[in-house]
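This report concerns only the one structure given below.
What follows is calculated from the coordinates using simple rules that are stated; it is not laboratory data. This is a predicted model, so every value here is computed, not measured. For neighbour counting, all protein chains shown are included, and Cβ atoms are generated from backbone atoms with ideal geometry for every residue, glycine included.
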Amino acid sequence: MLWTLSNRGSLLQTRKILTPAQVTQQIINDLTIQAATVNGSGSQTANLVLTRAIFHMGIPVAPKNVFPSNIEGLPTWYQLRVTPEGHMARSDKVDILIAFNVATWHQDLKTVRQGGVVIHEEAFSTAEARTDVTYYPVPFSKLAKSKIQNDTLRKQLANMIYVGVVGGVLGIPWEALEHGVRRQFLSKPKAVQVNLDAIKVGFDYWQDNFSKQDPYRLEPMSGAVEGKVLVEGNQAAALGALMGGVTVCAWYPITPSSSLCENLIAYSDRFRTDPSSGEKRISVVQAEDELAALGMAIGAGWAGARAMTSTSGPGISLMAEFSGLAYYAEVPVVIFDIQRIGPSTGLPTRTSQADVAFAFTLSHGDTRHIVLLPGTVEECYEFGRDAFDYADRFQTPVFVLSDLDLGMNLWMTPEFKYPEKAFDRGKVLSKADLERLAGDWGRYRDVDGDGITYRTLPGTDHAAAGYFTRGSGHDEFARYTESADAYARNMDRLAHKLETARHALPAPVVDETPHSRVGLIAFGSTHSAVVEAREALAAAGRAVDYLRLRALPISDEVAAFVSRHDRVYVAEQNRDGQVYDLVRLALPPELVDRVRSIRHYNGQPIPAAAITEPLTQREAVPA
Amino acid sequence: MSATLNRIGLPRDAYKGAATTLCAGCGHNSITNHMIKALYELGVEPHRLAKMSGIGCSSKTPAYFVESAHGFNGVHGRMPSLTTGAQLANRQLIMLGVSGDGDTASIGLGQFMHMIRRNIDCTYIIEDNGTYGLTKGQFSATADLGSVQKKGAVNTFQPIDPCAVALTLGCSFVARSFSGDGKQVVPLIKAAIAHQGTAVIDIISPCVTFNDHDGSTKSYSWVKDHEESIADVSFIPYFEEVQVDYEPGTIRDVRLHDGSHILLKKLGDDHDPTDRRAAIRVIEEGRTAGHLVTGLLYVDTSMQDFATTEHIPDRPLKDLGEEELRLSKEQFAQFMSEFA
């Protein structure tokens, strides 16, 4: 079937014109828009307006920004997926292409699915164009020149023209577009009208020059997005940290982590600053590097503040030594790792789940850290908040592993819940406690049998409070010793402490049907692809159970889950199957062979197909 | 008990620490004693003291004074960042950092410089012997060009002068002294503690094992022969009345934040310790003349320390609770609704 158009004397006028009957075979609210634009041209704002307009119609949206490591000029793509079910994973099929970048035009055209729509700059060469898509050529440059009066903003506003065209093609009500603009420019109300005018240029152009030739439509929905908000994982984590009581944050800029601390700064200006005195109930320090960032956070954690840093893979590498010190000196600190592809420059704007194994054992020597694995933006908030409780309670670094996809994209989520619990500040002895104990206290003495010892904070006014903090070479009273026995005792206690922690960390979320013999294990942002993959697999008659891992070290529930299944696939976004390895290490030998690995590691957020396809193939021919 | 008590009622012994494990005769041990004297005489409350260090011989010394105070032996060259964080968590702490020349001028140069740039309120003592002691005698970055190692190797690189670096960066308190000169070191430490901001004291401290031989510019004999004091330093704490044999024109009085005073009796050429360019010049002239210039090189009491610049309240951040740190339920609901 050739979708054609007769409009505007375009290249396809010789092809078959769609009959009204064919146009009525509509695809409603289930499509993926991909805008191919130029980085730094203002397209991101246009894409967000479009996203907010569609969300305002009550339709679930899942935007993914695929951007270059560049300030201006390189190609960038924005994928806006719309599904009635609220699928959040990236789609690997493009229904509607907005081709705004001549440099990627031919490549972009190849990504459109058969029967899809191509809205493109009219001036682009269409000599080798595909014949199985519908084209809406629009003279964007000419329209921008003739219709946009604002010289300084013309480049940015030109992007808004395509928002109007998409609105026309998909039938987005003008009221929704208007809402999208007002929402996007909440803090800059002066910008609303010029942007609306630019959208109107595109909207009118479509009305005046085209008739609907494609099957895609958006229609208002109800019941799908009520009570939902659009939040980036880094916004959620920053809010979590704020609600978790962070008072010292030291950081060094790095993509894709920077926006976490930048949001924290913005929220702190609003919620942690005394309007009259200017006093701040938080200090956010931009450090000279990641070593200093973690050093400052550890210094603050040692002195009793709730302290954090946020970084990505290259920063995690630099933090290895200090992480080991904090582990052995038993200093609470929270480290957010918004994973990306690395090392060095790597692909700094591409997502990854490849820091898991490294973060888990970060440091030389025998080291195991608590690692939290948020799978949704809601968990970025909750874990970002609760990480401070875990750090204080277990007196150790706590890593929160998010990633670029989770951290920097907007996700539809239920509103976050206000915390019910008070802070858990852990075992800290006050002056009164020390008086009661008559000074009978040892910093690293395990009096409760859980491996967690009592600490004092600098500034505690008691002669027995002070001790000299150092790495692993110390006895129960924090005195330096090279005693073999004391060293081994301390190592065993630390292992015991982590075992205590393992049982207290967020438990896996298990979703099982009574009869399935096949299971999936995933964590972090892979979750969204698993949700969709399971629906597709179930629809194809292959129900698959699911365990979502939410923390390291690995919970006993993983072994129990594997024991209830014949085959369990660990799906993750790294090349080496890092969690696949960790899962197998945690299993009794007889279960190890049941575990298989599904890996996605091209830097793009994992689509459901990256799970359904290998799983279906391998299940068809069980190993 | 006949022990003399200081103004907060503590004997000198309350400022002692564990027995040193450094070599007998090490300059660092002298500095430890100077610190004990300074802290005792100032009447620093031990529980408010935070002794910070990195790695090396110098960094072991916080164990050897004020045992009842908290201390943190961090990682090599990174003490400034730990100090920065601790200071932000609790502004009431008196941060006293002890570092060495390797810890400061090699692995830790970056953090040293950024600590100064931020003007963290801390005393930063460099126990400077121009050599790596714990790893048995390699040259450090402060070793002078042409100085000779114990085994005969000659240093072929220009030294980094921590005082010159600190001055160039606008450090608000820069001094140099010699471990054997308690009369100068003790008042400098007191003034550094009273100073609100980063106070760097580079104390030449000969390494008796690896760098105290003819040919070393950081040996006892070399320093004794080449030391040129730019001023005789006295320190009058805020709780003592200023009473000195005041001779106009020969004494300079610098008032510190807490109301205490440093008094500098001019010796030799006039040096104005509030003139940064003069401080750099005096170091350069000393270098040319082959002299080690000691004393208070520079002080600026007007510069805000980091926590003040950052608008950190006097009440320690560590003591804030849910009420002060969390959004209220109403604020939270409003904030969430803004994401719709």
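Brief remarks on what is shown
- For segment A:509-620, the direction-averaged projected area of the alpha-carbon convex hull comes to 6.4 nm².
- Fewest-first sequence of B:Met79, A:Met491, A:Met57 by Cβ atoms within 10 Å of each Cβ: A:Met491, A:Met57, B:Met79
- Share antiparallel - DSSP beta bridges, segment A:231-414, percent rounded to 5: 20 percent
- Neighbouring partner chain Cβ atoms per residue of A:279-292, average, 10 Å criterion: 6
- Straight-distance candidates among the lysines for linking to B:Lys136, with alpha-carbon spacing under 27 Å and chain neighbours fewer than 8 residues away dropped: B:Lys51, B:Lys60, B:Lys150, B:Lys151, B:Lys218, B:Lys224.
- The modelled label-to-label distance for the pair A:Ala127/A:Lys431, using points 7 Å beyond Cα in the direction of Cβ, is 8.5 nm.
- Considering only the protein assembly as shown, percent of DSSP beta bridges that pair antiparallel, nearest 5: 35 percent
- Where only C-alpha atoms are counted, convex hull volume of segment B:2-138 per residue in Å³: 100 Å³
- Alpha carbon centroid spacing (whole Å) that separates segment B:205-234 from segment B:286-340: 38 Å
- Neighbour counts of C-beta atoms inside 10 Å place B:Leu188, B:Leu264, B:Leu134 in the sequence B:Leu134, B:Leu264, B:Leu188, starting with the fewest.
- Amide H contacts of A:Val229: A:Thr413, A:Glu415, each under 5 Å away and 5 or more positions distant or on a separate chain (H built 1.01 Å from N in the peptide plane; Pro and chain starts excluded).
- Principal axes of segment A:431-504: Cα extent on each, largest first, Å: 32, 32, 18
- Each eigenvalue of the Cα gyration tensor of segment A:231-414, multiplied by 5 and square-rooted, gives one semi-axis; in descending order these are 22, 20, 15 Å.
- Separation between Cα centres of segment A:172-186 and segment B:77-97, rounded to whole Å: 49 Å
- Charge tally for A:Ile335 (other residues, Cβ to Cβ under 12 Å; Lys, Arg +1; Asp, Glu -1): -3.
- Computed extension length for A:Thr345-A:Asp576: 81.1 nm, one decimal, from 0.36 nm per residue of separation with the Cα-Cα distance subtracted.
- Additional length obtainable on full extension of the chain from B:Arg287 to B:Asp232, 0.36 nm per residue less Cα span: 17.8 nm
- Cα gyration tensor, segment A:214-324 - rounded (a/c under 1.5), prolate or oblate: oblate
- Between segment A:587-619 and segment A:284-355, the Cα center-to-center distance that results, in Å: 30 Å
- Computed over neighbours whose Cβ is under 11 Å from that of B:Thr198, the net charge equals -1, Lys and Arg +1, Asp and Glu -1.
- Calculated FRET value between A:Ala536 and B:Lys151, using beta carbons and R₀ = 56 Å, to 0.05: 0.15
- Note on segment A:24-149: Cα-Cα pairs beyond 23 Å make up 33% of the total pair count.
- Shape class for chain B, computed from the alpha carbon gyration tensor (a ≥ b ≥ c): prolate, with a/c not under 1.5 and a/b above b/c.
- Two-site FRET efficiency, B:Lys183 against A:Ala488, from Cβ-Cβ distance with R₀ of 60 Å, rounded to 0.05: 0.80
- Pairwise label distance in nanometres, B:Lys329 with B:Glu310, each label 7 Å out on the Cα-Cβ vector: 3.3 nm
- Å³ per residue enclosed by the Cα convex hull of segment A:7-222: 122 Å³
- Packing-based exposure ordering (other Cβ within 10 Å, fewest first) of A:Lys427, B:Lys329, B:Lys224: B:Lys329, B:Lys224, A:Lys427
- Interatomic Cα distance distribution for the protein assembly as shown, bins of 10 angstrom, percent: 2, 11, 18, 19, 16, 13, 10, 7, 3, 1, 0, 0
- Cβ-Cβ FRET estimate between A:Lys142 and A:Arg270, R0 fixed at 45 Å, reported to 0.05: 0.55
- Debye equation applied to the C-alpha atoms of segment A:90-169, log10 I(q)/I(0) at 0.11, 0.12, 0.24 Å⁻¹: -0.30, -0.35, -1.17
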